[in-house]
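The values are calculated or read from the model by the stated rules, or taken from the named source; none is laboratory data. As the structure is a prediction and not an experimental result, all values here were calculated from the model. When we count neighbours, we look across all protein chains shown, and the Cβ atoms used for this are built from the backbone with ideal geometry, even at glycine.
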Amino acid sequence: MRANLAAETASTLLKQLRRAVLCGQLLRVLSVQIATASRLQRLAGRHHFADQLAHVGVFHARFGGDLSRRHSLSARSLESRENRVALVRSPDFSRLTERAPFTSLLVEDDGDVEIGNVAPAPIERRALRVAARPLILKLERPIVARIATISDWPVILIDLFTNEGIVGRSYLEPYTAKAMKYIIAALEDFGELLEGHAVAPTEIFELTRKSLHFVGYQGLSMIAVSGLDMAAWDALAKAANLPLCVLLGGTVGPVKAYNSNGLWLSDPAQLGEEAARLIQEGGFAGLKIRLGRATADQDLRAIETVRAAVGPGVRLMADFNQGLDLAEALVRCQSVDGLGLDWIEEPIVYDNLDGYARLASQLKTPLQIGENFYGHRDLHRALQMKACDLVMPDFMRIGGVTGWLKSAAIAAAFGAPISTHLYPEVGAHVMRVSETSHWLEWQNWVNPILKQPYDVVDGMLHIPAVAGTGLDWDEAAIGLRN
């Protein structure tokens, strides 16, 4: 009777597995280990779901091929248990068997199937390699600031491959194309350093950062570390089958955004029409305007033109892009101080914190800095010196997701509102778990090479309910641009 019960239960399990696979309902197979390819083939073939099983959950092996290839299963796991064919952990199986979540399916040489409970060691998620690709995108609206004009936008696409077949993705935007070769070289070195290392983002952050200790923690070092950190968090969230914001303890939901895709240093008379178009691109309730023209009067006319075009209900943020020296900033910032701007951003060079402290003490309009903070200690120093009222870290300089989380905690302790700079996809997720979250900067500069860009509706960026950050490359579009 016991043998009949076991056979009946095993048959029920396999039928349920086949039905779930065929219906696409088995979404949370968390781990699969196999002993020999031939036995699994016989088991799967007998129940007619070999083709479907090859695409379920984290199991990426293809039957009839080399199961020890990278991105499928390691040779060690194939040889780990002599008779065990598959070890499956899934809520579906635990409900069927009314036993522990781990259920083993055993197959003997004669093909009989038995069922039993085991206490297996979990598969350790490990990094296999890092791939980084350079790309140049054309900006729809070129950057025109006092310190630079940019029409070709460099992007580095990063893929972190793991032993589960999961790929963590991120990108970097290093402003200058020449910088890409140095950053990519560092990322490739990180790949060698991390091969076989657990996909643990905080550990990876410290390991990669400290590997460049003698080079220095800032500049290109931190940019490379940040890019890999974002990919590691994406991989970890995908492995958990959770959106990143949920993995971090939050929920999926909308994030307040302003449009930062235009209003550069062009003729003030032309800005009204452009501002109206920017509002319509996503129902935005906030816009960023750039300042720093040849005269203060030209900047004032630009603000007046935009305000007349969008009305009093739209929030305006002004960015000087570090275009002024301190003496000029003391005058120019005062000239726009009473115009109802949400903030005045980076009027002087980013590392002159003494100058920023002087400006902050004299202005009524909040002073915004932070896109050039290299790590959370820079942010802490600026707030401690009262060099700003608001902070807006950039993900490639602050340390990716790990650096942002540290910085957001510091900002919360100071009661300082925190906004994002670039990288809206990752930014949306961390804003959902930041105590003093303020504004998300919306820029769609990488949208042309994304399979599914984020949506902005009524001024709110909507996080898709998918695992990870939601980044996936449109390889066809990338091929055209290469």
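Quick notes on this one:
- Test for I348: is it farther than 26 Å from A235 by Cβ, in contact with a Gly (Cβ under 7 Å, 6 or more places away or on another chain) and not in a helix (DSSP H, G or I): yes
- Some residue of segment 216-229 being touching a helix residue (DSSP H, G or I) at 6+ places or on another chain (Cβ under 7 Å), surrounded by fewer than 17 Cβ atoms within 10 Å (Cβ to Cβ) and in the same structural domain as A145 (by TED's automatic domain parsing): yes
- Selection of first residues in segment 244-264 that are more than 24 Å from E281 (Cβ to Cβ) and touching a residue at least 12 places away in the same chain (Cβ under 8 Å) and of second residues that are among the β-branched types (V, I, T) and assigned to a loop (DSSP other than H, G, I, E, B), restricted to Cβ pairs under 6 Å at least 6 apart or on distinct chains, gives the following pairs, ordered by first then second residue: L244/T469; L248/V433; G249/V433; G250/V433.
- Segment 97-171 holds strands (runs of 3 or more DSSP E) entirely within its bounds, and those carrying 2 or more residues that are touching a strand residue (DSSP E or B) at 6+ places or on another chain (Cβ under 6 Å), modelled with pLDDT of 95 or more and closer than 30 Å to L324 by Cβ map to 127-144, 149-162.
- Top-ranked residue in segment 437-459 [being more than 19 Å from I478 (Cα to Cα) and β-branched (V, I, T); ranked as surrounded by the most Cβ atoms within 10 Å (Cβ to Cβ)]: V456
- Test: residue in segment 471-481 that is buried (at least 20 other Cβ atoms within 10 Å of the Cβ), outside any loop (DSSP other than H, G, I, E, B) and touching a residue at least 12 places away in the same chain (Cβ under 8 Å): no
- Whether a residue is touching a Cys at 6+ places or on another chain (Cβ under 8 Å) and either polar (S, T, N, Q) or over 17 Å from Y217 (Cβ atoms) (or both) was assessed, and A416 passes this test.
- Residue ID - surrounded by the most Cβ atoms within 10 Å (Cβ to Cβ), chosen from residues in segment 426-436 that are assigned to a loop (DSSP other than H, G, I, E, B) and in contact with a strand residue (DSSP E or B) (Cβ under 8 Å, 6 or more places away or on another chain): S434
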